[in-house]
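What follows is one structure encoded as structure tokens, with my remarks underneath.
Just so it is clear, none of the values below were taken in a lab; they were calculated from the coordinates. Everything quoted here is computed from the prediction, not taken from an experiment. Cβ placement follows ideal geometry from the backbone for every residue including glycine, while neighbour counts extend to all protein chains displayed.
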Amino acid sequence: MEQAVELQVLQEISTILDESEDIKGILTPILKVISDNSPMLRGAITLLNRDTKEILIETAHGFTDTQKKKGRYHLGEGITGNVVKSGQSVMIPDISKDSRYINKTGAEDELLNSESTISFISVPIKSGKDVVGTLNGSFENLDESEAQNYLKLLSIIASMLARIVKIRQELREENERLVAENRRLKQELDERYTPERIIGRSQVMEQLFSLIAQVSKSDATVIIRGESGTGKELVAQEIHDNSLRKKMPFIKVNCAALSESIIESEFFGHEKGAFTGAFAARKGRFELADRGTIFLDEIGELSPQMQGKLLRVLQEQEFERVGGMKTIKVNVRIIAATNRDLEKDVARGAFREDLYYRLNVFPLHIPPLRERKSDIMLLCDHFIEKYNKKNRCAIKRITSNAIDLLMMYHWPGNVRELENCIERAVLISNDEVVHGYHLPPSLQSAESSNTKFSSSLQSAIDSLEYELISDALKNSRGNKARAARNLGISERIMGLRIEKYHIEPDRYKH
Ligand SMILES: Nc1ncnc2c1ncn2[C@@H]1O[C@H](COP(=O)(O)OP(=O)(O)OP(=O)(O)O)[C@@H](O)[C@H]1O
Ligand SMILES: [Mg+2]
């Protein structure tokens, strides 16, 4: 290239750099200027991604899209990889005679067999001491001194491009980070199972959901523990519906509701004439549940005699009907539930220890509502929608006063009590708004809120805030900045709260 042309090329490139407003489109015309004024057949600008240590073609001239995509190098791989690694330019006079040239893009396939000699020049693009990427060119039929000239020219151009390529690198890295994060979040969403009918997003409920997901697919006996109204029956149903037995029967038995005289025949059925009034043979619940699930609710209320009979079914999966001789074999998955302190009952001899161990294979504990106050609003919305539909009402919101009362209350009757509260409020409200005075008196009195969480509005708010912050930190795996962003607060506020509640974000890393 003559000196005049060389100057012209540099002039044009500096104009492009000065005038272009869009950093995206800037590099392509620069490669074109070089190729228009020289025997350069192909040119490329590559970028190092410092996170993945991979080098990619950022902009190319004379490559097909496929070839461009193939242009990925590790540090030290091929000439490009070596130039980035060492920061030194490389010039190969004839690529057909040099094994360092690996032709990864495949662009030189035909040319390797052609008459002409192809030289390859790769120069580093540096920002300070760091190599950001390379400027590469394949030239046709260069003599030695021409090759040296182009090496020099590309080096000058590379230094002119450094600033802009550095910006591209940062944008590209940020973009790839976002793409990777997005992929990870999507995957997490796919993996995380959330039951449709069990409302809750608190950390304790998320943990429960993952246990439900784990145990559903097995035939393991499950015992669901939790205070009255926490949703034990809901969880039992969810396990069955997620199990391989979901198309088979789900039979519920409330052990507390059956009197001692009929419970055995309810469980195991009876033969005709087994007792007065047994006019025909009848199947019991265990037989009806064959190949499905039986849900033994309030199992803590079983008499010692029935506990013994149940133990046998659990161990052998067989029984006889009342008044019958034939042994009936069944295949039944057992889910039990209780709100009693079974351990205490075992200790005082009211519940058989052997039965307790048989049942306690996979215990699930549903936390009381007062320990997951962050779920209250979600549940309220759910129940408002439910009772709006049922009663053709159109409640649109809850006043902040009502929300305060709902958040302060300690909910001894748990979700059932909340549901009843909302159902009543929906019915008595006549202005499409739930006000504080629509809530039952128990929520209004000071005594109702004498728990440690709700002795005052401030402590209720504190406990909710603590829960929200630890939840957010859990979701961000201890990343304070991301947790703050998700909660819509500044990092500074996040820092203050973490201090206030003595939270250790590192604990959430795993
Ligand atoms: N997480 C929840 N999401 C939606 N509804 C819920 C939830 N938890 C409970 N409920 C509702 O609250 C009511 C009580 O739930 P459930 O009958 O399952 O409680 P339980 O633990 O079996 O209570 P008990 O010990 O008194 O029998 C039901 O109407 C149920 O649908
Ligand atoms: Mg129940």
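What the table shows:
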quantity	calculated
Along each principal axis, Cα extent of the range 272-323, largest first, Å	31, 27, 20
Dipole moment magnitude, nearest 20 debye, the range 316-421 about Cα centre, only Lys, Arg, Asp, Glu C-beta charged	500 debye
The range 291-446, relative contact order [Cα under 8 Å, separation at least 6], %	20 percent
222 nm mean residue ellipticity, helices alone, for the chain (DSSP H n ≥ 4; -39,500 (n - 2.57); rounded to 500)	-14500 deg cm²/dmol
Anisotropy class of the range 328-438 from Cα gyration tensor, a/c 1.5 cut	prolate
Share, in percent, of DSSP beta bridges within the range 203-367 that are antiparallel, nearest 5	20 percent
Gyration tensor (alpha-carbon) shape descriptor, the range 97-191, a/c threshold 1.5	oblate
Spin-label model distance (nm) - residue 196 vs residue 17, 7 Å beyond Cα toward Cβ	6.1 nm
Cβ-based exposure ranking for 309, 389, in which fewest neighbours within 10 Å come first	389, 309
The chain - share of DSSP beta bridges that are antiparallel (%, nearest 5)	65 percent
Residue order, fewest to most beta carbons within 10 Å, for 188, 419	188, 419
Inverse mean reciprocal Cα-Cα distance (Kirkwood Rh) of the range 457-508, Å	10.7 Å
For the chain: rounded, prolate or oblate by the Cα gyration tensor [a/c cutoff 1.5]	prolate
5 angstrom amide H check on residue 134, placed H, neighbours 5+ away	46, 47, 125
Under 30 Å from residue 309, Cα to Cα: lysines that are on another chain or at least 8 residues apart	217, 232, 246, 247, 252, 272, 283, 326, 329, 344
Gain in span if fully extended, residue 8 to residue 234, counting 0.36 nm per residue against the direct Cα distance	73.6 nm
Size-normalised alpha-carbon gyration radius of the range 203-367, reference 2.2 N^0.38 Å	1.04
Footprinting exposure proxy for 211, 496 (fewest neighbouring C-beta atoms within 10 Å first)	496, 211
Relative contact order computed over the chain (Cα-Cα under 8 Å; 6+ residues apart), in percent	10 percent
Only Lys, Arg (+1) and Asp, Glu (-1) charged, at Cβ; the chain dipole about Cα centre in debye	1860 debye
Karplus (6.51, -1.76, 1.60) ³J(HN,Hα), θ = phi - 60°, over the range 265-274, in Hz, Gly and Pro reported as x	6, 5, 5, 10, x, 8, 8, 4, x, 5
All lysines inside 25 Å of residue 500 as judged from Cα atoms, apart from same-chain residues fewer than 8 positions distant	373, 452, 474, 480, 509
Proximal lysines relative to residue 129, as straight alpha-carbon distance under 21 Å, when same-chain residues fewer than 8 apart are discounted	53, 85, 152, 166
